[in-house]
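A short reminder: the numbers here are calculations on the coordinates, not readings from a lab. This is a predicted model, so every value here is computed, not measured. Using ideal geometry, Cβ is built from the backbone for each residue, glycine included, and neighbour counts are taken over all protein chains shown.
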Amino acid sequence: MFATRRLLQGCRITFFTRVNCSLCEVAAEALSKVAVTRPFVCRRIDLAGEEGRPWRELYDFDVPVIHISKDTASPENVSTASKAIKLMHRFTPSQIEAKMDEVEKSNDH
């Protein structure tokens with residue numbers, strides 16, 4: 001029996017972004033490179049959209065931001081964002097993978 005792709009996805013990444021953000025495009029490319037060899041669940045939140053409204057005050061001038069958690073963790077919440085494992089502004093595929101390793105080894109995210 002083989003593990004399904006879903007079972008291999010140990011992390012969930014929430015990607016906070018906005019349109020016309022060149023750093024967000026670079027971040028999306030870094031996430032795509034990681035996804036080739038290391039599957040994860042990704043949720044993209046556009047801060048200009050309705051779903052991004054609660055996050056605007058926190059991240060409006062800091063995009064791109066990614067939160068990395070276990071795929072079984074509770075959904076992202078503004079009130080607990082300070083505890084999130086995250087990367088902001090500029091990050092590489094290797095930095096993303098290092099944070100994924102950190103999350104997968106932890107007992108609480």
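Data for the structure
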quantity	calculated
Those residues of region 59-73 which are in contact with a Ser or Thr (Cβ under 9 Å, 6 or more places away or on another chain) and either surrounded by fewer than 14 Cβ atoms within 10 Å (Cβ to Cβ) or farther than 26 Å from residue 101 by Cα (or both), in sequence order	none
Segments classed as helices (runs of 4 or more DSSP H), wholly inside region 1-107, with at least 2 members that are in contact (Cβ under 8 Å) with a residue 40 or more places away in the chain and of a type outside the set (Phe, Trp, Tyr)	22-37, 93-105
In region 12-24, residue nearest to residue 89 (Cα to Cα) [restricted to those that are surrounded by 13 or more Cβ atoms within 10 Å (Cβ to Cβ) and out of contact with any strand residue (DSSP E or B) (no Cβ under 8 Å at 6 or more places or on another chain)]	23
Which listed residue is out of contact with any Lys or Arg (no Cβ under 6 Å at 6 or more places or on another chain), surrounded by 14 or more Cβ atoms within 10 Å (Cβ to Cβ) and among the basic types (Lys, Arg), from 53, 38, 90	38
